[in-house]
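Student: One structure is given below, represented as structure tokens, and several questions about it will come after.
The values are calculated or read from the model by the stated rules, or taken from the named source; none is laboratory data. Owing to the predicted nature of the structure, the values given are computational and were not obtained by experimental measurement. Positions of Cβ are generated from backbone atoms using ideal geometry, with glycine treated the same way; all protein chains shown enter the neighbour counts. Surface areas here come from the heavy atoms of the whole protein model, side chains and all, with no ligands, DNA or RNA. Shrake-Rupley method; radii C 1.70, N 1.55, O 1.52, S 1.80 Å.
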Protein chains: 2
Amino acid sequence: MNYFTTVDETHLEAFRQVLGADFVLTTPENLAPYAHDETEDLHYLPSVVLKPGSTEQVSRVMEICSQYHLPVTPRGGGTGLSGGALPQHGGVLLSTERFNRILQIDERNLQVTTEPGVITEVLQDAVKERGLFYPPDPSSRGSCFIGGNIAENSGGPKAVKYGVVKDYVLNLEVVLPSGEVIWTGANVLKNSTGYNLTQLVVGSEGTLGIVTKIVLRLIPLPKNDLLMLVPFRSAENACAAVSAIFRAGYIPSALEFMERDALEWAVKYVDNSSVPIADDVQAHLLIEVDGNYPDLLMQEMEGIAGIVTEFDCGEILFADDSVQKASLWKLRRRVAEAVKANSVYKEEDTVVPRAELPVLLKGVKEIGARYGFHSVCYGHAGDGNLHVNIIKGHLTDEQWNGSLPKGIAEIFELVKSLGGTISGEHGIGLVQKPYMHIMFTDTSMHLMRQIKKAFDPTGILNPGKIFD
Amino acid sequence: MNYFTTVDETHLEAFRQVLGADFVLTTPENLAPYAHDETEDLHYLPSVVLKPGSTEQVSRVMEICSQYHLPVTPRGGGTGLSGGALPQHGGVLLSTERFNRILQIDERNLQVTTEPGVITEVLQDAVKERGLFYPPDPSSRGSCFIGGNIAENSGGPKAVKYGVVKDYVLNLEVVLPSGEVIWTGANVLKNSTGYNLTQLVVGSEGTLGIVTKIVLRLIPLPKNDLLMLVPFRSAENACAAVSAIFRAGYIPSALEFMERDALEWAVKYVDNSSVPIADDVQAHLLIEVDGNYPDLLMQEMEGIAGIVTEFDCGEILFADDSVQKASLWKLRRRVAEAVKANSVYKEEDTVVPRAELPVLLKGVKEIGARYGFHSVCYGHAGDGNLHVNIIKGHLTDEQWNGSLPKGIAEIFELVKSLGGTISGEHGIGLVQKPYMHIMFTDTSMHLMRQIKKAFDPTGILNPGKIFD
């Protein structure tokens with residue numbers, strides 16, 4: 001157990017000296033927005049919110065926090081789904097919102113150097129203007145920060161063809177808990193120079209250091225894409241079609257799965273009646289291909305359509321134009337919000353080898369039947385990444401807090417037995433901590449704790465996340 | 001300084017109990033082949049060579065070595081270029097040569113599970129028979145082991161389009177120095193579950209644990225490729241053409257650079273007279289494109305040919321058939337051997353953002369002129385990865401051992417100033433250790449040492465590699 005110092009006027013004055021009074025927030029109405037993220041209905045109030053504007057300021061803040069043993073929780077856009085940015089121990093919340101500059105788009109080397117507080121979509125649009133592409137696009141891309149994406153190793157629909165955040169991060173400037181500043185690597189595509197500190201920081205959920213500069217690789221922007229929505233009479237068949245598509249040699253740029261409820265709730269939520277859902281439909285696949293040659297894309301779409309037809313699908317909806325494409329993507333991106341608006345829920349971020357998806361889906365439903373919970377499943381099926389939204393609905397608080405965690409553990413045991421893991425892109429944060437032992441032995445957990453100690457010997461940075 | 005126990009009869013008997021006498025080698029003629037790898041002319045004799053055949057045996061060997069504080073150097077195919085597999089402190093050499101089974105090719109999930117002692121080309125051929133592709137292909141692929149590739153995070157020509165080893169490793173079974181066995185991750189494409197132990201082990205040069213099982217992702221095998229050899233009158237122009245090709249939106253599946261000497265020596269070495277080299281030619285680019293649509297590939301080749309023409313190139317040689325392609329690739333793959341046959345040499349594995357290649361090449365030549373050494377440069381230009389072979393030629397031993405390291409340090413300082421690093425794919429091992437401080441501050445080096453300590457508290461595993 002780690003006992004932290006309570007933030008007092010001495011500390012606040014030190015922070016004001018470094019940042020200026022405007023960037024040291026302490027009033028309840030200023031603190032309130034930083035007490036929650038998008039994780040369930042959790043709330044933890046920080047003692048103070050700091051808004052540094054430079055690496056140097058972050059470094060000095062960390063020196064002060066080290067000196068006084070104050071807990072520090074770094075925060076990006078606040079869109080996290082595992083509670084990684086929640087100040088569970090109070091203390092200092094360090095917001096990166098002023099780190100909002102794209103520092104350099106290097107068209108010669110297809111790289112971008114950015115600060116962590118840039119909104120992911122803003123970054124994507126900026127490089128797109130130069131004909132370049134940064135693919136990772138979590139559903140929250142309109143409000144999440146690129147720094148948060150790095151903390152969680154985010155994915156999104158495009159990951160199936162283009163990979164996740166870790167596949168684009170070349171180099172990071174990181175402020176350590178001591179206040180020391182390091183660069184983790186170099187701005188190169190290949191690197192065999194010592195341990196991979198870059199990949200250690202990616203996905204470390206703000207527990208090892210505070211990222212203050214980011215170098216990402218970019219790729220040429222594909223010029224065209226095509227999109228189709230395929231209804232299936234059986235959700236397991238939809239999942240089975242997913243791996244058949246890859247086994248036939250196709251690599252779609254997105255391959256999203258939505259159970260009937262997911263799409264239906266989203267249609268209602270965004271008031272979009274353009275997508276009729278037949279009575280016998282149990283699930284949909286949203287399938288995109290992209291590239292530079294429209295004729296080839298059409299061929300690919302036809303090939304994929306031929307495959308899904310073998311899995312008892314209904315009438316395929318081909319998006320005719322960019323308006324219809326945008327409308328279908330909007331539905332997909334709003335599913336999480338739609339589910340949230342419907343009920344209190346818990347979202348599990350399961351991931352398995354993609355051919356195991358039908359087994360996973362069937363298992364989730366069986367476990368749900370035994371524990372009495374309803375689930376709405378959707379996600380990045382091409383990656384084997386299934387978001388299982390467990391709906392509170394009519395469950396009592398006792399059921400919700402008592403037996404449900406056992407049901408979740410059963411889902412995770414199943415995931416593990418299929419070669420998968422308990423988080424594909426949301427992270428462990430606060431809420432998945434109790435399940436880490438399912439994935440990792442004591443030996444592995446000890447290694448992780450020792451790594452944490454190497455970066456953060458006194459445990460002040462984002463305490464209580466990933467492990468206690 | 002770490003003082004190790006000398007291997008004696010007690011230890012040998014313990015090893016024989018675990019492995020059987022046949023797999024505990026101690027005679028000088030049995031030890032000799034394990035005293036060197038492909039790094040310069042270095043020799044270090046181990047006290048004993050062990051050949052375990054199972055994870056359990058590796059684990060028991062490590063328990064014994066831990067108990068008695070014996071140094072252990074793991075070794076794959078022995079093709080390393082930085083001395084990572086050399087038993088600098090004597091003691092135990094642990095060969096993975098009996099771990100030579102491909103355990104499962106999972107066509108449903110596009111994955112392969114293999115032991116580390118499988119030769120890379122054998123693995124590639126086995127998955128190719130199923131229409132699958134494992135792209136990383138170091139020049140030594142006919143003799144190197146996949147486990148060694150993971151230790152060094154190897155690359156090779158295909159990395160420019162398909163990435164390096166780290167981009168294919170999903171999960172590793174690792175025996176820790178204590179003898180404990182862990183799996184680093186899961187068999188999935190996305191993973192946000194705790195620290196990325198998988199990527200920490202990749203490229204760690206056998207200093208953190210001994211990899212005993214490997215899960216790799218695969219991709220569908222491209223059906224066609226085209227190859228051309230482009231001569232340039234200026235080596236810097238050849239380098240400049242490289243980034244122009246990418247800026248035009250092309251992503252070749254290989255883009256190799258060879259200075260005149262490199263190709264000329266290779267032609268002589270493999271006695272292949274089919275490639276005439278005009279007198280005014282200073283460098284070549286070997287350019288490959290691959291994909292499933294021959295017409296498109298032809299279009300791409302024409303587009304790329306149009307670009308290189310702007311950089312004052314000579315007559316382009318298009319490979320007509322698979323025989324000519326194989327012949328050109330053979331030349332490229334034998335350059336290193338050809339250089340080695342020509343003179344004692346040191347190979348530096350520089351890597352920079354690709355548009356900086358012309359600056360790097362010019363700088364290498366200037367530094368060479370000042371220190372009086374000749375260099376032959378070639379490498380994976382598409383990745384900005386330039387192998388600088390420094391030829392001993394007429395240099396005295398005094399120059400070779402005295403002033404040359406200062407020249408090398410200058411090259412590495414230049415590399416760093418260009419945003420690059422001192423090893424792209426060969427690793428640090430023994431020979432690049434003195435230059436690590438150029439890339440990393442004391443703070444970063446301290447972090448790496450602490451990580452090493454977390455895995456290997458007593459420092460018995462591959463001592464003296466990466467850092468002292």
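Student: Counting just the residues of region A:271-295 that are assigned to a loop (DSSP other than H, G, I, E, B) and in contact with a Ser or Thr (Cβ under 9 Å, 6 or more places away or on another chain), which one comes out nearest to residue A:376 (Cα to Cα)? Full working, then the answer.
Tutor: Going through region A:271-295, the residues assigned to a loop (DSSP other than H, G, I, E, B) turn out to be A:271-282, A:292-293.
With in contact with a Ser or Thr (Cβ under 9 Å, 6 or more places away or on another chain) added as a condition, the list becomes A:272, A:274-275, A:282.
On the way: A:272: 20, A:274: 22, A:275: 19, A:282: 11 Å.
Per the stated criteria, the residue is A:282.
Student: Of the residues A:147, A:142, which single one is more than 22 Å from residue A:204 (Cα to Cα) and within 15 Å of the chain's Cα centre (by Cα)? Quick ask: steps written out before the conclusion?
Tutor: On the way: A:147 fails: more than 22 Å from residue A:204 (Cα to Cα).
Unique residue meeting the criteria: A:142.
Student: Then there is this: For region A:103-111, state whether one or more residues are more than 23 Å from residue A:214 (Cα to Cα) and modelled with pLDDT of 95 or more. I'd like the intermediate steps shown before the answer.
Tutor: Restricting attention to region A:103-111, the residues satisfying the condition of being more than 23 Å from residue A:214 (Cα to Cα) are none.
No: zero hits.
Here is a yes/no grid of residues against (1) open to solvent by less than 50 Å² (accessible area, probe 1.4 Å); (2) farther than 16 Å from residue A:94 by Cα; (3) touching a Lys or Arg at 6+ places or on another chain (Cβ under 6 Å):
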position: A:5; (1), (2), (3): no, yes, no
position: A:12; (1), (2), (3): yes, no, no
position: A:15; (1), (2), (3): yes, no, no
position: A:21; (1), (2), (3): no, no, no
position: A:24; (1), (2), (3): yes, no, yes
position: A:30; (1), (2), (3): no, no, no
position: A:35; (1), (2), (3): yes, no, no
position: A:39; (1), (2), (3): yes, yes, no
position: A:46; (1), (2), (3): yes, no, no
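Student: Just the residues that are more than 7 Å from every other protein chain (Cβ to nearest Cβ) and open to solvent by 10 Å² or more (accessible area, probe 1.4 Å), please, taken from region A:413-431. Before the answer, list the steps.
Tutor: Within region A:413-431, the first condition is being more than 7 Å from every other protein chain (Cβ to nearest Cβ), and the residues that meet it are A:413-418, A:429-431.
Once the filter is applied, which keeps residues that are more than 7 Å from every other protein chain (Cβ to nearest Cβ) and open to solvent by 10 Å² or more (accessible area, probe 1.4 Å), region A:413-431 yields A:413, A:414, A:416, A:417, A:418, A:430, A:431.
Student: Also, quick follow-up: Going by the conditions given, is residue B:211 open to solvent by 10 Å² or more (accessible area, probe 1.4 Å), of a type outside the set (Lys, Arg), under 26 Å from residue B:433 (Cβ atoms) and assigned to a strand (DSSP E or B)? Before the answer, list the steps.
Tutor: Working: open to solvent by 10 Å² or more (accessible area, probe 1.4 Å): yes; of a type outside the set (Lys, Arg): yes; under 26 Å from residue B:433 (Cβ atoms): yes; assigned to a strand (DSSP E or B): yes.
Here the answer is yes, as residue B:211 does meet what is asked.
Student: Enumerate the pairs (first residue in region B:279-308 and of a type in the set (Ser, Thr, Tyr); second residue anywhere and part of a helix (DSSP H, G or I) and open to solvent by 20 Å² or more (accessible area, probe 1.4 Å)) with beta-carbon separation below 7 Å, excluding pairs fewer than 6 apart on the same chain, so at least 6 apart or on different chains.
Tutor: Filtered contacts from region B:279-308: B:293/A:296.
Student: Given A:206, A:148, A:185, A:156, which one is of a type outside the set (Asp, Glu), at pLDDT below 95 and either in a loop (DSSP other than H, G, I, E, B) or surrounded by 24 or more Cβ atoms within 10 Å (Cβ to Cβ) (or both)? First the steps, then the outcome.
Tutor: Details: A:206 fails: at pLDDT below 95; A:148 fails: at pLDDT below 95; A:185 fails: at pLDDT below 95.
Matching residue, one of A:206, A:148, A:185, A:156: A:156.
Every residue, every condition in (1) outside any loop (DSSP other than H, G, I, E, B); (2) open to solvent by 40 Å² or more (accessible area, probe 1.4 Å); (3) in contact with a Ser or Thr (Cβ under 6 Å, 6 or more places away or on another chain); (4) away from every other protein chain (no Cβ under 13 Å), yes or no:
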residue: A:411; (1), (2), (3), (4): yes, no, no, yes
residue: A:438; (1), (2), (3), (4): yes, no, no, no
residue: A:451; (1), (2), (3), (4): yes, no, no, no
residue: A:458; (1), (2), (3), (4): no, yes, no, yes
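Student: I would also like to ask the following. If the Cβ limit is 9 Å and pairs must be 6+ apart or interchain, which residue in region A:356-380 that is over 25 Å from residue A:402 (Cβ atoms) pairs with which residue that is polar (S, T, N, Q) and open to solvent by 30 Å² or more (accessible area, probe 1.4 Å)?
Tutor: Qualifying pairs under 9 Å: A:358/A:237.
Student: So which residues in region A:188-197 are open to solvent by less than 10 Å² (accessible area, probe 1.4 Å) and within 24 Å of the chain's Cα centre (by Cα)?
Tutor: Selection gives A:197 alone.
Student: Within region B:307-324, can one find any residue that is within 14 Å of another protein chain (Cβ to nearest Cβ), open to solvent by less than 30 Å² (accessible area, probe 1.4 Å) and farther than 30 Å from residue A:170 by Cα?
Tutor: No, region B:307-324 contains no residue that is within 14 Å of another protein chain (Cβ to nearest Cβ), open to solvent by less than 30 Å² (accessible area, probe 1.4 Å) and farther than 30 Å from residue A:170 by Cα.
Student: Given (1) surrounded by fewer than 20 Cβ atoms within 10 Å (Cβ to Cβ); (2) closer than 23 Å to residue A:44 by Cα; (3) touching a helix residue (DSSP H, G or I) at 6+ places or on another chain (Cβ under 8 Å), identify the lone condition not met by residue A:85.
Tutor: (1)
Student: Determine which single condition residue A:143 fails, assuming it passes every other condition in (1) open to solvent by less than 30 Å² (accessible area, probe 1.4 Å); (2) away from chain B (no Cβ under 14 Å).
Tutor: (1)
Residue-wise test of (1) part of a helix (DSSP H, G or I); (2) in contact with a helix residue (DSSP H, G or I) (Cβ under 9 Å, 6 or more places away or on another chain).
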{"position": "B:10", "(1), (2)": "yes, yes"}
{"position": "B:16", "(1), (2)": "yes, yes"}
{"position": "B:29", "(1), (2)": "yes, no"}
{"position": "B:32", "(1), (2)": "yes, no"}
{"position": "B:67", "(1), (2)": "yes, yes"}
{"position": "B:94", "(1), (2)": "no, yes"}
{"position": "B:98", "(1), (2)": "no, yes"}
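Student: Take residue A:136 and decide whether it is part of a loop (DSSP other than H, G, I, E, B) and either more than 18 Å from residue B:196 (Cβ to Cβ) or touching a residue at least 60 places away in the same chain (Cβ under 8 Å) (or both). Walk me through how you get there before you give the answer.
Tutor: Working: part of a loop (DSSP other than H, G, I, E, B): yes; either more than 18 Å from residue B:196 (Cβ to Cβ) or touching a residue at least 60 places away in the same chain (Cβ under 8 Å) (or both): no.
In short, no.
Student: Got a number for residues in region B:160-182 being open to solvent by less than 10 Å² (accessible area, probe 1.4 Å), closer than 22 Å to residue A:219 by Cβ and either part of a loop (DSSP other than H, G, I, E, B) or at the interface with chain A (Cβ under 8 Å from one of its Cβ atoms) (or both)?
Tutor: Residues in region B:160-182 being open to solvent by less than 10 Å² (accessible area, probe 1.4 Å), closer than 22 Å to residue A:219 by Cβ and either part of a loop (DSSP other than H, G, I, E, B) or at the interface with chain A (Cβ under 8 Å from one of its Cβ atoms) (or both): 2 in total.
Student: Any idea which of (1) of a type in the set (D, E, K, R); (2) farther than 29 Å from residue B:245 by Cα; (3) in contact with a His (Cβ under 8 Å, 6 or more places away or on another chain) is the one residue B:348 doesn't satisfy?
Tutor: If we test residue B:348 against (1) of a type in the set (D, E, K, R); (2) farther than 29 Å from residue B:245 by Cα; (3) in contact with a His (Cβ under 8 Å, 6 or more places away or on another chain), just (2) comes out false.
Student: Against the conditions (1) open to solvent by 10 Å² or more (accessible area, probe 1.4 Å); (2) not assigned by TED's automatic domain parsing to the domain that holds residue A:312, where does residue A:247 fall short? Just the number, please.
Tutor: Unmet for residue A:247, out of (1) open to solvent by 10 Å² or more (accessible area, probe 1.4 Å); (2) not assigned by TED's automatic domain parsing to the domain that holds residue A:312: (2).
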